[in-house]
1. Compute the Rg to Rh ratio over chain B from the alpha carbon atoms, using the Kirkwood formula for Rh, and round to two decimal places.
2. Based on the Cα gyration tensor of chain A, what are the three equivalent ellipsoid semi-axes, each the root of five times an eigenvalue, rounded to whole Å and given largest first?
3. When chain B is modelled as a GNM with alpha-carbon springs shorter than 10 Å, which of B:Ala310, B:Ala252, B:Ala113 fluctuates the most?
4. Run the Debye formula on the Cα coordinates of the stretch A:27-171, all scatterers equal and no solvent, and tell me log10 I(q)/I(0) at q = 0.14, 0.17, 0.19 1/Å.
5. What's the FRET efficiency of B:Val85 with A:Glu242 using the Cβ-Cβ distance as r and R₀ = 41 Å, to the nearest 0.05?
6. What is the mean number of Cβ atoms from other protein chains located within 10 Å of the Cβ atom of each residue in peptide A:336-346, rounded to a whole number?
7. Relative contact order for the stretch B:64-176 using alpha-carbon pairs under 8 Å, separation at least 6, rounded to a whole percent?
8. Across the stretch A:213-305, how large is the tail of the calculated P(r) beyond 19 Å, expressed as a percent of all Cα pairs?
Amino acid sequence: MRFVDEYRDDRIALALVDEIRRTATRTWTLMEVCGGQTHTLIRQGIDELLEPEIQLVHGPGCPVCVTPLALIDEAIAIAKRPDAILCSFGDMLRVPGSQEDLLMARAAGGDVRVVYSPLDALEVARRNPEKTVVFFAVGFETTAPANAMAVRQAKLLGVENFALLVAHVLVPPAIVAILVSPGNRVQGFLAPGHVCAVQGWREYEPLARDYGVPIVVTGFEPVDLLEGILMTVRQLEEGRHEVENQYVRTVVRDGNAPARAVIDEVFETCDRAWRGIGVIPKSGLRLREAYRAFDAELRFPREGAPASESELCMAGEVLIGRVKPDECPAYGTLCTPESPLGAPMVSSEGACAAYFLAGRRRVEAPA
Amino acid sequence: MSEDPGSDAEERPRDFVLQCPVPLPPGASVLLGHGSGGKLTHQLIRDVLVPILGDVAGSELARLGDAAVVETDGLRLAFTTDAFVVTPAFFPGSNIGELAVNGTVNDLAMMGARPLFLSAALILEEGLPLEDLGLVVTAMAEACRRAKVALVTGDTKVVERGSADGLFVITSGVGLVPDGVEVGPERARPGDRIIVSGPVGSHGVAVMSRRAGIEFEGELSSDTRPLTGLVRAMLAAGDVRVLRDATRGGLASVLNELAESSGVSMVAEEKAVPVLPPVRAACEMLGLDPLYVANEGVCVAIVAPEDAEAVLAAARAHPAGEHAAIVGEVVEGPPKVALRTGLGGTRPLIMLAGDQLPRIC
C-alpha cells in the first residue's frame with residue numbers, strides 16, 4: 001500500500017535506529033504526545049531498540065483517556081434516558097465511568113449507537129425527531145472540525161433535537177502543563193501529526209522558544225517516528241530548540257484553513273478538566289453562544305455528586321509521562337483490558353493497553 | 001403470596017435451590033462482547049453454560065470443536081448448529097442466507113466430514129419485505145447446491161417489529177466423517193506447520209464497511225464460500241491434524257483456541273499472513289487489526305511438518321485456497337501465541353476480551 005509500506009520498511013527503520021544511536025552522546029528523554037504514536041512504538045518494540053540512549057515517555061494524546069469521569073457518567077446518564085439516544089465513537093464504549101461503562105448502559109436498555117462520523121449522528125437525529133440525539137464529542141483538534149461541522153449543519157437544517165456532549169481538549173496547553181509540572185523530565189516532544197494537519201504548527205513555535213524544547217511534528221508509522229526522534233535528538237545535541245516538521249506529506253505550517261475556520265466559528269476555548277491530571281487553563285473547547293442551544297450539558301443538567309476515581313489507578317502520572325504503564329502497581333494485575341481501572345487500559349490509543357497488548361510485564365517502580 | 005416471606009424461604013426444600021459450581025455474578029447481564037468470539041465468549045461458555053448443563057453436556061461439547069463428532073451404529077457423524085444475526089443482512093458479496101448455509105457446511109468440513117443434511121430456521125421480523133426474504137432464501141438454495149447438501153427440514157417464526165433485526169437464520173447440519181480421517185483441535189504437536197487457506201479479514205471488513213457507510217476503491221467483498229472441496233484436497237495430500245474455520249474473532253482468536261486445546265505454543269509471522277490490499281487499507285482507516293477480523297471462507301490447517309509443502313500445494317491448486325500460505329509453526333510451551341513483527345520483535349497475539357472497537361482518530 002503506497003504511503004504505508006515505505007514507512008514500515010524494516011531496513012530503513014533499522015538504519016534510522018543506528019543513526020539515532022550514533023547521534024546521541026548521552027541519554028535524552030523524549031515524549032511522543034499522541035496515543036497512536038505510542039501504540040506503534042510499543043507494538044514494534046522501537047522504545048526497547050533505542051534504550052539506553054533514548055528514553056521514550058508517553059504523552060496524554062489519548063482522547064478517551066483524558067475525558068473526565070464526570071463527563072462519562074453524564075454520557076451514561078443521558079444514554080439511559082428514554083427520551084435520548086447517545087451516539088459515540090466505538091472507542092468510548094468500554095471506558096469505565098464511576099459505576100459502569102456505556103456498553104453496560106446499553107445492555108441495561110440505554111440507546112447507545114456507535115457512529116463513525118458526527119454527521120451520522122446528525123442523520124440519526126433527523127430520523128428520530130421524537131428523541132434528543134446526543135453525540136459524545138471527544139477528541140483533540142483532529143476531531144473538532146467534523147464535530148463543528150455537524151453542529152453547523154444541525155443549525156442550518158433546523159435539526160433541534162441534536163446536541164453535543166463536548167469533551168474537546170487541545171494539545172499545546174497540555175504540553176505546557178507537562179513542561180511546568182514538578183519533576184518533569186521531558187526534553188523534547190514529538191508533536192502529533194494528525195492534530196497538526198488541522199492546526200499547523202504556528203502555536204508550537206512560542207512553546208519551543210519559551211521553554212527551550214525541540215518539538216518535531218511527527219507521523220505514525222515506524223519510519224516516521226524514528227525520523228522524528230532523530231530530528232529531535234539532532235536538535236538536542238546541537239543545542240537547538242525549534243519546531244521542525246517530519247510529517248511533510250501531510251502537515252503544513254498553517255494547517256488546514258477551512259477546518260480551522262469552522263472550529264473557530266462553532267467553538268471557543270475554555271478551561272477543562274483532564275481525567276487523572278486536573279483542570280488545565282484554556283485547554284478545552286466549548287460551544288460558542290450562537291451554538292449553545294446544541295449543548296447537551298445545558299439540556300440535561302448533571303445530577304448527583306461528582307464521582308471519584310479508583311485510588312489505585314495512576315493514569316494521571318502515566319498521561320503526563322511521570323511513570324510508565326508497567327511501573328503502576330495495578331498494571332496487569334488489578335487492571336487489565338477486561339477489567340480496567342482507568343481509561344488508558346481500554347482505549348486503542350491508551351499507553352497501558354499498548355503495553356499490555358505487547359506483553360510487557362510489570363516492573364517495580366523506581367524508588 | 002406468603003404473609004411471612006422469611007419462613008417461606010426457610011421451608012423451601014433444598015432440592016429446589018438451583019446450584020451451579022461457579023456462582024453467577026450477582027446482577028451481571030449479557031454484554032455484546034459475550035458474542036465477540038473472544039475471551040468473554042469463552043468465559044460465558046466455560047463458566048456459565050457448560051457448568052449448568054453438567055452431565056447433559058457430552059464430552060464433545062466441552063471439546064469446543066466446530067462440530068461434535070458422535071459415533072452411532074459404526075458411523076461417525078459430525079453434527080453442528082449455528083445462528084446468524086449479522087447486521088446488515090445484505091453486505092458486499094453476499095447475504096445472511098448464503099452465510100448461514102456456508103457457515104454450517106464449513107463447521108462440518110472442519111471435522112473432516114462430508115456435509116449431507118441441513119435444517120434451517122428463519123426468525124422474521126414483522127415488516128420484512130418479502131423481496132428481501134426471497135433474496136435470502138434464493139442465496140440459501142444456491143449455497144446448498146454448491147456445497148452439495150440437502151436442506152431437509154426447517155421452521156419459520158415471525159416476531160413483532162423491533163424484536164429481530166430484519167431476520168435471523170439458524171442452521172444445523174449433519175455430515176459423515178470418512179474412515180481414516182482424524183482431525184481435532186487437540187491434535188497439534190510441536191513442529192507442525194500452520195497453514196492459512198486464504199487472505200484474512202475480508203468478510204468482517206465488508207460487513208463493517210457497509211455498516212460504516214464507507215466505500216473503498218477496489219472491491220471489498222465477503223469471502224463466504226463452502227470449504228468442503230478445499231478440505232478434501234488438503235486431507236488427501238497429507239497428515240492434516242487440525243482444521244478450524246477462522247470466523248468470529250479472526251485468525252488470532254482461532255490460533256489461541258487451538259493452542260489452548262492442544263496445550264502447545266504457536267509462533268506466527270505477521271508478514272506471512274495474506275491480507276488483500278483493499279482489506280488492509282480499510283483496516284488502516286477503521287483502526288482494526290485484520291488478524292482479529294472475522295472470515296467466512298478461510299480456515300486454519302495444522303499439518304505435520306513433512307507434509308506441509310504438499311498440503312500447501314494442494315490448497316493452492318484449489319480455487320478456494322489459491323492464496324494459501326504457511327504462516328507459522330507449533331512449538332513446545334504453554335498455550336500461547338506469539339507474533340513475529342517486522343522489526344525483529346515478537347509480541348504475544350492475545351485473545352481480545354470483546355469486539356474490536358473502531359478508534360476515534
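Nothing in this text is a laboratory measurement; each read-out follows from the coordinates by a stated rule. None of these values were measured; they are calculated from a predicted model. Counting neighbours? That spans all protein chains shown, and the Cβs are built from the backbone with ideal geometry, glycine included.
1. Across chain B, the Cα-based Rg/Rh ratio is 1.00.
2. Values: eigenvalues 245, 111, 64 Å².
For chain A, the semi-axes come out at 35, 24, 18 Å.
3. B:Ala310
4. Summing over Cα pairs of the stretch A:27-171 leads to -0.70, -0.91, -1.06.
5. Step by step, r from the Cβ atoms, then E = 0.15.
6. On the way: counts 1, 5, 8, 1, 1, 0, 0, 0, 0, 0, 2.
The mean count of partner-chain Cβ atoms within 10 Å per residue comes to 2.
7. Working: 221 pairs, mean separation 46.0, N = 113.
It rounds to 41 percent for the stretch B:64-176.
8. Numbers: 2770 of 4278 pairs.
Result for the distance tail: 65 percent.
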